[in-house]
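Inspection log for the structure reproduced underneath, given as structure tokens.
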Amino acid sequence: MAARTFRLRSLLWLLLGLVVLTLLAAGLHWRAKLPKRDGELPLQGLSQPVTVRFDAWGVPHIEAQNEPDLYRALGYLHAQDRLFQMEMARRLARGELAEVLGEKLLPTDKLFRSLRLLDAAEARAKADATRPAGPALRALQAYLDGVNQYQATRPAPLEFELLGIPKRDFKPVDTYAVAGYLAYSFASAFRTEPALTYVRDQLGPDYLKIFDLDWKPEGALAARARLGAPAASATAAALPGARLQPADWQALARIGQLSDSLGTGLAQMEGSNAWVIAGSRTASGKPVLAGDPHIGFSTPAVWWEAHMKAPGFELYGHLQVLNPFALIGHNQRFGWSLTMFQNDDIDLIAEKTDAAHPGQVLVKGAWQPLESREIRIKVKGRADEVVQLRRSPHGPIVNDAVPGDAGKTPIALWWAFLETDNPIFEAFHGLNRADTLDAARSAVQGIHSPGLNVVWANAAGDIAWWASARLVRRPAGVNPGFILDGSTAEADKLGFLPFSANPQEENPARGYIVSANHQPASPEPVYGYYNLPDRGWRLEEGLKASATGWDVPRVQALQLLDDTGYGPRVLAPILPILKQQKEGADLVALLADWKGGHRLEDRAPVLFHQLEHQLVHAVLSDKMDEAMIANLTRTRALDHAIPRLVQDADSPWWDRKGTPQRETREQIVAEAWTATLQHLRRTFGEDPAQWTWGRAHSVTHKHPLGEVKWLAPIFNVGPFPAPGAHEVPNNLAQRSGDAPWSVAYGPSTRRAIDFAAAGRSQGVNPVGQSGVLGDRHYSDQAVDYVAGRARAQWLEAPDVQANARSTLVFKP
């Protein structure tokens, strides 16, 4: 008995020892993957040591003796925080996700291979080999060498081990492909053009009257007097949507859905705020610049920050993966921010075919062949997928990529990104150094696609904005917001406008410039997918409220505004109907008094957004299928349409198809109100006092592995109750749907820079600098971000040294 007890105890001690050893080994294995931020490291290719001081938020302040050393160290540091993000971005852009994530990502791979991003990237890399390397390419090569040295000498990220991702060097072709993905993520055409074409050609032009299709030469901010005026019906000589069959429409809807659900956790560009105030209106007498690009939330966040310094060059920059040039940045002399221009640089073109001409399409009376080639896509756990990529004279055929029946009508893609030189890396290399108006204006002319608003200022007192893109000339009368007919001249392109014709301003007399994705003032019709003007209106109201005294705290307060007039504008025509309802009179009174705010304790926004969803679903559900509805609700076109719909009691949208009687606005609004109250009671309980915005609206920063349910609590960050909402200045935006709502995107950073003290500007990251699970900077800014707090972005050497938490030295 004693011997048996001894053996049992020995076995238990042995098992305990094995558990301890396993945990110890796991801990050491995990610690080896953490970023190294102190001591010394060798870095091949350096000519001089590079010193890196890390501040309290993990931001590296890099000081090198020359630019090649600076960019080589930058690449190493970026990789140690974001290597998995780099790998995912590369695979997404190249159409190689299914190789590591399995068959569910095959549709995404097909889509991106059909977009020809890899083809364009390879063509650029091939062209690089035929000419001497310029400064931008040399910087990129040094940066990628640093990335590759990190990957070759340090343990693989945890995600690489979990997914079985092999290491392979990064090359310029990968950077070029990722730039294509970023351009693609700005595009709304894949959702908007099919939805509007369906409305016009399947429902009829009268249904288009609620959509704001008119060009406003004076710009959206100055067009308030025309708000709600009926739009002209958009017609064309030929209506390609009239010949599309149900399978074609379903394929088009699936393209839009693929564009929305990439399944990778990588961020998509959604909108942005930026404004600049001249020194005549500021407390310091120097310009003040503010910017918050609106991008999909993810873990890690989209931006990675670095303060870079070498003789003749200094910049505090916000970078994206595999790109050594800051897309937004500043120093003591100048700075800039970006918003999406929203110009329409994509056309979807319905090609005409017939059985007598197989493999051909009709173009202005002549049958022309479709090019075709076969590719293979690797798929984890199964045989390669063989895919046919086709191309018409107008561009790649994109509906071949959709799962299931792709329809009989080839849909071609014309995209400025594929049709222009687009020296975007050279443009940002120049913009990173552009301290004068002339230098900045020259640099931004290299941005061809995607279209970007560059809002810029310098310490000398200049302020400016340039809508930067190659703007295509189309035939007169062609509205590219609809699918175009490839058999006619409406799909033709007549060249590009000169940059001088682009919307732009330099040192305007008003003393400020606002950019908020609204349609800009321009005598030339620049078609696009512009956001509601309400956000821009609200920002301009704030700036007009005071002619002087602007400083960083006041600018930050403007960034955090949680209201616009949009909600009250939508409610105004239907409040008389709501006041006639027997149920919820006190809640109707709450809506009547609402000023459009979205604070955590507010209840009115919960009522409004649920009611808005019920109304939209009621008027759409009998007229299009769920896939097309999902696409339309993701367009900015519907945002514009809703206020116009509620104002028009005679709109055909109120009448349900398939019923013998004619439904009215009064009937639909009453039904939507009843459904709103029922849903909120089921979701939040019977007591309306509990229906607060903080309970209904939250943000979670999702990691790609957070798609796996049991890994979500480990890798995701959040949820956090979130103020703000869709299309208010603090644009923590939810998608249309039933409460509760998850924030889909929002300010990807909030920056405020006074050029009298640019070395102490303010900024914040929604999550943290690091993408390495367990690192102290993985999520250390998330709480401050939701609360609206920011931190210093140090530039001056004494500040950098005083606030350094560790120092790393790279040695040759």
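Worth a mention:
- Meets criteria (touching a residue at least 40 places away in the same chain (Cβ under 8 Å), touching an Asp or Glu at 6+ places or on another chain (Cβ under 9 Å), part of a loop (DSSP other than H, G, I, E, B) and crowded, with 20+ Cβ neighbours inside 10 Å) for ALA412: no
- Residue, nearest to LEU77 (Cα to Cα), within segment 161-196, restricted to residues that are of a type in the set (Phe, Trp, Tyr) and at pLDDT below 95: TYR181
- Within segment 88-117, the set of residues being more than 22 Å from HIS703 (Cα to Cα) and either free of Cβ contacts under 8 Å to residues at least 60 places away in the same chain or among the polar types (S, T, N, Q) (or both) comprises just one member, SER114.
- Filter result for ARG682 (over 19 Å from PHE608 (Cβ atoms) and out of contact with any Gly (no Cβ under 6 Å at 6 or more places or on another chain)): no
- Verdict on PRO396 being part of a strand (DSSP E or B) and at pLDDT 90 or above: yes
- Residue count for segment 511-521 under the criterion of being more than 25 Å from the chain's Cα centre (by Cα) and either closer than 14 Å to ALA222 by Cα or polar (S, T, N, Q) (or both): the result is 0.
- Count of segment 105-130 residues which are of a type in the set (Lys, Arg) and under 23 Å from the mean Cα position of the chain (by Cα): 3
- Candidates LEU46, LEU111, LEU34, LEU106 - the one that is part of a loop (DSSP other than H, G, I, E, B), at pLDDT below 95 and surrounded by 13 or more Cβ atoms within 10 Å (Cβ to Cβ): LEU34
- Pairs meeting the criteria (first residue in segment 791-807 and more than 25 Å from GLN556 (Cα to Cα), second residue crowded, with 16+ Cβ neighbours inside 10 Å, beta carbons under 6 Å, at least 6 apart or on different chains) are ALA804/ARG53; ARG805/PHE54; SER806/ARG37; SER806/PHE54; THR807/ARG53.
- Looking only at segment 246-293, and only at residues there that are modelled with pLDDT of 95 or more and of a type in the set (A, V, I, L, M), the one that is nearest to ALA401 (Cα to Cα): ALA274
- Evaluating ARG138 against the criteria (1) crowded, with 24+ Cβ neighbours inside 10 Å; (2) out of contact with any Leu (no Cβ under 9 Å at 6 or more places or on another chain); (3) within 27 Å of GLY430 (Cβ to Cβ) leaves one unmet condition, (1).
- Taking the numbered list (1) assigned to a loop (DSSP other than H, G, I, E, B); (2) within 24 Å of TYR176 (Cβ to Cβ); (3) over 22 Å from the mean Cα position of the chain (by Cα) in turn, ILE375 passes all entries but (1).
- Screening the candidates ALA521, ALA509 for the property of being more than 27 Å from VAL199 (Cα to Cα), in a loop (DSSP other than H, G, I, E, B) and in contact with a Lys or Arg (Cβ under 9 Å, 6 or more places away or on another chain) yields one hit, ALA521.
- Within segment 584-608, tally of residues that are part of a helix (DSSP H, G or I) and in contact with a helix residue (DSSP H, G or I) (Cβ under 7 Å, 6 or more places away or on another chain): 10
- From the list ALA733, ALA696, ALA739, ALA670, the lone residue that is small (Gly, Ala, Ser) and farther than 30 Å from LEU539 by Cα is ALA670.
- Scan segment 674-694 for residues that are in contact (Cβ under 8 Å) with a residue 12 or more places away in the chain and of a type outside the set (Gly, Ala, Ser) and the total you get is 11.
- Filtered residues of segment 477-532 (kept if more than 28 Å from THR564 (Cβ to Cβ) and touching a Gly at 6+ places or on another chain (Cβ under 7 Å)): ILE483
- Among residues of segment 731-779 being without any contact (Cβ under 8 Å) to a residue 60 or more places away in the chain and of a type outside the set (A, V, I, L, M), the one that is nearest to THR692 (Cα to Cα) is PRO740.
- Helices (runs of 4 or more DSSP H) contained in segment 653-727 and holding at least 1 residues farther than 30 Å from ALA98 by Cα, within 33 Å of the chain's Cα centre (by Cα) and among the aromatic types (Phe, Trp, Tyr): 665-684, 693-696
- Test: residue in segment 739-746 that is surrounded by fewer than 22 Cβ atoms within 10 Å (Cβ to Cβ) and not small (Gly, Ala, Ser): yes
- Considering GLU666, GLU626, GLU612, GLU671, the condition of being free of Cβ contacts under 8 Å to residues at least 24 places away in the same chain and either out of contact with any Leu (no Cβ under 8 Å at 6 or more places or on another chain) or crowded, with 17+ Cβ neighbours inside 10 Å (or both) is satisfied by GLU626 alone.
Conditions (1) farther than 30 Å from PRO568 by Cα; (2) in contact with a helix residue (DSSP H, G or I) (Cβ under 8 Å, 6 or more places away or on another chain); (3) crowded, with 22+ Cβ neighbours inside 10 Å, marked per residue:
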{"position": "LEU497", "(1), (2), (3)": "yes, no, no"}
{"position": "ASN502", "(1), (2), (3)": "yes, no, yes"}
{"position": "TYR529", "(1), (2), (3)": "no, yes, yes"}
{"position": "LEU532", "(1), (2), (3)": "no, yes, yes"}
{"position": "LEU539", "(1), (2), (3)": "no, yes, yes"}
{"position": "LYS544", "(1), (2), (3)": "no, no, no"}
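- If you go through segment 216-245 and keep only what is at pLDDT 75 or above and of a type outside the set (Asp, Glu), you end up with LYS216, PRO217, GLY219, ALA222, LEU244, GLN245.
- The condition of being surrounded by 16 or more Cβ atoms within 10 Å (Cβ to Cβ), over 23 Å from GLN332 (Cα atoms) and of a type in the set (Asp, Glu) holds for only one of ASP754, ASP784, ASP775, that being ASP775.
- Pairs where the first residue, in segment 179-201, is free of Cβ contacts under 8 Å to residues at least 60 places away in the same chain and surrounded by fewer than 24 Cβ atoms within 10 Å (Cβ to Cβ) and the second is of a type outside the set (A, V, I, L, M, F, W, C) and in a helix (DSSP H, G or I), C-beta under 6 Å, 6+ apart: ASP201/GLY241
- Counting only strands (runs of 3 or more DSSP E) wholly contained in segment 732-812, the ones carrying 1 or more residues that are among the aliphatic types (A, V, I, L, M) and within 21 Å of LEU319 (Cβ to Cβ) occupy 751-754, 791-794, 806-811.
- Where a residue in segment 566-588 is on the phi < 0 side of the Ramachandran plot and its partner, wherever it lies, is part of a loop (DSSP other than H, G, I, E, B), with Cβ under 6 Å and at least six apart: GLY567/GLY596; PRO568/GLY596
The values are calculated or read from the model by the stated rules, or taken from the named source; none is laboratory data. Note that the structure is predicted; figures quoted are calculated from it, not measured. Reconstructed Cβ throughout: ideal geometry from the backbone, glycine too, with neighbour counts over all protein chains shown.
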